[in-house]
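So the structure is just underneath, and the comments pick up after that.
The values are calculated or read from the model by the stated rules, or taken from the named source; none is laboratory data. On a predicted model such as this, the values are computed, not experimentally measured, just so you know. Because the Cβ atoms are built from the backbone with ideal geometry, glycine has one as well, and the counts that use them run over all protein chains shown.
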Amino acid sequence: MIRVRGLHKSYRSGDGSSQRVLRGVDLDIARGEFLSVVGRSGSGKTTLLNIIGGLDSDYEGAVEVEGKRLHEMTDLEASAYRNNHVGFVFQSFHLFDYMSCLENVMLPSLFDRKGGAAADARARALDLLDQVGIAEKASQPPMNLSGGQKQRVAIARALFNRPSMMICDEPTGNLDRRSGDAILELFRALNQEDRITLLIVTHDPLIADAATRCVRIEDGQVREDSGASVRASDEDGGADGGVDAGEGAFEAEERA
Amino acid sequence: MRAGGLRTLIVGDLRRNAQHFILASIGIVVGIAAFTFFLALGSGVRNVVLGEIFPLDKLEVVPRTTDIDLGPLRVGMGKDTLDDQVAKSLGALPHVSGVFPKMKLTAPSTAVGGESLLGNDMRTELIADGIDPALVQDDVASGYAFKHFDDGVAELKACESDEGCDGKMEYCGLRPRWRADGSELTPAERQQRVCRHYVPVMASNHLVEIYNGTIRRAHNLPKLNPEFVVGLRFDLRVGESMVDASKKDKIIVERGRLVGFSARAIPLGLTLPLGYVGQYNVFYGSPEAASTYHSIIVDIDSKDNVAAVAKSVEDMGFDVADSGAEQAALLITIFMMVFGFVSVVIVGIAAVNIMHVFFMLIYQRQREIGIMRAVGATRANIRALILGEAALVGLVAGCFGVVLAFIAGALFDTVSARYIPDFPYKPETYFSFDPPLLLGAFAFAIGFCVLGAALPARRAARMDPALVLTGH
């Protein structure tokens, strides 16, 4: 369960002035939700997800994940949180070209303080590459892969430590339609079969439609939330999140 | 972070950026090479100067006297000898591991010999010292002995030639004319040929160095190898002098044999076992001369304690003979400090270069650093990664620097051996690449690289991952 309350975030620009990006965001996200966050560029959606993912700790307000307040975590705890509970997928893939795909997928194991045998990590990475359909590319460097294949490697890396949540920042932004559809199918399967919470910033209407819930952010505030009414009824009934795919979702804005 | 993981990342980064690191580490290589070269040179020269020319692990204690200049003459005031009681007191001082009395031969003497080496005999006025044989036992050549042989008149074995006598330390010769008590043998007794012991003598390496470096050139004589000079026989004529006024009425004729070279032997002259010199001094002087010493060598357990022992000796009312070692040591230390400082400056400038390279690389790799943070790297992990890379660069640069210093040293030695004329104490190598020096060079290289990378590592660790990954 993720609980965001009164979240404010400002950036200081070079001329010393302050630009407020988030203005009192309140948001609850249930475990296993497939949430898309839409909004214009600069509306604060990426900032919101960076904060929830523990990448950004400079904010006002409260963010709790499974009862733990992120801003109270030490660097070590926040790093462990990112390592064990969150998987990041970026629009630009952010893979290391000097490593093979397999080594890229194994990257989180290097920083896993729980330890574990290198052979186990290798087996896990190979298994993940197989799951995302590019096992045959394991030994190749990412630079030899297409955009869709690179994103699959990035997803496999995000899944390495069996995270409970994946944060994806425009994961199909650099992909063609066909590759984007395939990645979307992968996300849908992860959400439905592995019950991984998916938080996706997107301009892609197909992803927004596929999500079980869609939140629109404008001027640093949540303007629309397709799942607000459902959540209210959940709280009344005590049931855990989850709505049918597409139900209550509003039409996402066109890709920029 | 796992050690294996850190190694993987460091090696990967170094491979990718090998060109940058090679360029950045050139200064470190040069600086470490200079550092190692000059310190090894200083250490090597120090070993020669303080190990062979001015041994620093011993002091020579002499009586404290006051000299008064009277025109061309200088007159010494005060007792100028030491005795067994003083030797005992010195032996009881802290850090003193041994005391060895030293006695000067107070009678004139000459030496005649050298035909086997130089083609004809040379005759020279001889200066001789007597020392405790224990002081030089390690320097005595194999098969020879350095001790006082008591050639009692009655017990000597009759012989016809040297073959009838035993070993390297005996020869067949006439009985000595004088007994130790000064009485003269009868003519009949003096005609008997008996096996006598050579008087064993030790020479200082100074003598060979001075001969090879200067005398042989002036007289166009062959260069001597100390190993082949050992065993040289010569006549030792005590009481005889080329200065008529100094001659004694009674002359003791002995056969001497060189049994080794020692840094503890008198620099100019020959060194005999204390017993012989005492015997000659008594013969030409008084019975008290047997236990009257002109100086006492004090062995010290460590070079570090020399100053403390010297102070104690002076507190006891004696002086320490000035060997020049302190000035030599000071000069060498200054030499090492100056060139060490120059090396430090070179490595320091190189460290600044390293810092620039790391700042540039961190700027280039900020997204990678952001990704590492996103997948669980702590700030400490990022710092360890950057500093680990710097340490590895330092280690490799240190290796190259040390190898370069070895090559430069070998080149220097080769040039010296071929083109620099011989001079006293010319060493085969001028360098002493001691393990502590090499370890220091590596530590120095690694330390400066890590120091240079410290600020970039701090900046990398404080990098905002959200900003570098998403621009937000």
statement: Those helices (runs of 4 or more DSSP H) completely within the range B:210-325 that have 3 or more residues that are over 28 Å from residue B:428 (Cα atoms) are B:274-284, B:306-315
field: Test set (1) touching a Ser or Thr at 6+ places or on another chain (Cβ under 8 Å); (2) away from chain B (no Cβ under 14 Å); (3) on the phi < 0 side of the Ramachandran plot - residue A:56 fails condition number
entry: (2)
message: Checking the structure you have, find out if any residue of the range B:282-291 is at pLDDT 85 or above, closer than 15 Å to residue B:93 by Cβ and either touching a His at 6+ places or on another chain (Cβ under 9 Å) or surrounded by 13 or more Cβ atoms within 10 Å (Cβ to Cβ) (or both).
response: no
task: Please give the number of the condition residue A:140 fails out of (1) modelled with pLDDT under 90; (2) in contact with a helix residue (DSSP H, G or I) (Cβ under 8 Å, 6 or more places away or on another chain); (3) more than 14 Å from chain B (Cβ to nearest Cβ); (4) surrounded by fewer than 20 Cβ atoms within 10 Å (Cβ to Cβ).
output: (1)
- line: The correct count of residues that are free of Cβ contacts under 8 Å to residues at least 60 places away in the same chain, small (Gly, Ala, Ser) and within 14 Å of chain A (Cβ to nearest Cβ) in the range B:370-399 is 1
message: Condition first: among the hydroxyl-bearing types (Ser, Thr, Tyr) and either surrounded by fewer than 21 Cβ atoms within 10 Å (Cβ to Cβ) or in a strand (DSSP E or B) (or both). Now tell me which residues in the range B:177-203 satisfy that.
response: B:183, B:186
statement: Residue count, the range A:66-84, condition more than 10 Å from chain B (Cβ to nearest Cβ) and either more than 24 Å from residue A:20 (Cβ to Cβ) or not charged (D, E, K, R) (or both), comes to 6
task: Looking for whichever is under 30 Å from residue B:210 (Cα atoms) and not assigned by TED's automatic domain parsing to the domain that holds residue B:94 here; the options are B:334, B:297, B:349, B:369. Which one fits?
output: B:334
statement: Residues in the range A:157-172 that are in a helix (DSSP H, G or I) and either away from chain B (no Cβ under 12 Å) or of a type outside the set (A, V, I, L, M) (or both) total 1
query: Exactly one of (1) part of a loop (DSSP other than H, G, I, E, B); (2) in contact with a Ser or Thr (Cβ under 8 Å, 6 or more places away or on another chain); (3) under 19 Å from residue B:466 (Cβ atoms) is unmet by residue A:31. Its number?
result: (3)
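One line per residue, one yes/no per condition, for (1) in a helix (DSSP H, G or I); (2) among the aromatic types (Phe, Trp, Tyr); (3) surrounded by fewer than 16 Cβ atoms within 10 Å (Cβ to Cβ); (4) at pLDDT below 90:
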| site | (1), (2), (3), (4) |
| --- | --- |
| A:78 | yes, no, no, no |
| A:93 | no, yes, no, yes |
| A:116 | no, no, yes, yes |
| A:125 | yes, no, no, no |
| A:136 | yes, no, yes, no |
| A:150 | yes, no, no, no |
Residue count for the range A:1-55, restricted to those that are aromatic (Phe, Trp, Tyr) and modelled with pLDDT under 90: 1
query: For the range B:212-225, does any single residue satisfy the condition of being among the hydrophobic types (A, V, I, L, M, F, W, C) and in contact with a strand residue (DSSP E or B) (Cβ under 7 Å, 6 or more places away or on another chain)?
result: no
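Looking at the structure I just gave you, is residue B:257 under 25 Å from residue B:199 (Cα atoms), surrounded by 17 or more Cβ atoms within 10 Å (Cβ to Cβ) and in contact with a strand residue (DSSP E or B) (Cβ under 9 Å, 6 or more places away or on another chain)?
The answer is yes for residue B:257.
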message: Suppose the filter is charged (D, E, K, R) and exposed (fewer than 15 other Cβ atoms within 10 Å of the Cβ); does residue B:422 pass it?
response: yes
- line: Taking the range A:92-131 and keeping only residues that are more than 10 Å from chain B (Cβ to nearest Cβ) and under 23 Å from residue B:380 (Cβ atoms), one is left with A:114
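Condition check ((1) surrounded by 15 or more Cβ atoms within 10 Å (Cβ to Cβ); (2) touching a Gly at 6+ places or on another chain (Cβ under 6 Å); (3) within 16 Å of residue B:360 (Cβ to Cβ); (4) among the hydrophobic types (A, V, I, L, M, F, W, C)) across all residues:
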| site | (1), (2), (3), (4) |
| --- | --- |
| B:4 | no, no, no, no |
| B:11 | no, no, no, yes |
| B:15 | no, no, no, no |
| B:24 | yes, no, yes, yes |
| B:27 | yes, no, yes, no |
| B:31 | yes, no, no, no |
| B:35 | yes, no, no, yes |
| B:41 | yes, no, no, yes |
| B:45 | yes, no, no, yes |
task: Return the only residue of A:21, A:63, A:89 being away from chain B (no Cβ under 11 Å), in contact (Cβ under 8 Å) with a residue 24 or more places away in the chain and not in a loop (DSSP other than H, G, I, E, B).
output: A:63
query: How about the range B:1-83: which strands (runs of 3 or more DSSP E) wholly inside it have at least 3 residues that are at pLDDT 70 or above?
result: B:58-63
task: Residues being in contact with a strand residue (DSSP E or B) (Cβ under 6 Å, 6 or more places away or on another chain), small (Gly, Ala, Ser) and outside any helix (DSSP H, G or I): count how many of those fall in the range A:173-216.
output: 1
